[in-house]
Amino acid sequence: MAVITRIALLLVLVFLSACSTTSRVQQSHSGLHGRSFEYQFTNRGGDNAEGIAELKRVIQNKLQTEGWVNNGAASGRIEITLTHYYMRHGAARALVGIMAGRDKIVSHVRVLEASGASLTAFEVESTNSTAWGTTGGLHQKHAEEIAARLKG
């Protein structure tokens, strides 16, 4: 009985560890607090027009909510260039899980002064290799990572 309990506990731990979404962010910056920027999104990383349009909307909403982007006077521009976008189809995710590959979004973010001078640049990579995550959840996670890096 103890062996069965240990095996069950091990399986639960393995499944829980597989339910993670990871993000990688590089390069930090400073001096952006209290400023407002224009928002520019460029797709150079995928052909899923509907999914990428939704990602663009989620990122823009997050940046507006955090106060980085507004409709008033801007002191510069936030340029987000999508360099990689791959999302598994929902049925593939449900049927074969990690065997269907992993969802991945990579964006390069540049923050520029109104003059065009670069304030900072960094890359954000968000992935989900489990069967449990959703496309919308990964979009939100990616937007949150971008906003977190802007906060410093």
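Points worth noting:
- Looking across segment 46-80, the residues that are part of a loop (DSSP other than H, G, I, E, B) and small (Gly, Ala, Ser) come down to 46, 67, 72, 73, 74, 75.
- Scanning segment 104-142 for residues that are among the polar types (S, T, N, Q) and part of a strand (DSSP E or B) yields 107, 118, 120, 126, 127, 128.
Computed from the coordinates by the stated procedures, all read-outs in this text should not be read as laboratory data. All of these numbers come straight from a predicted model, not from anything done at the bench.
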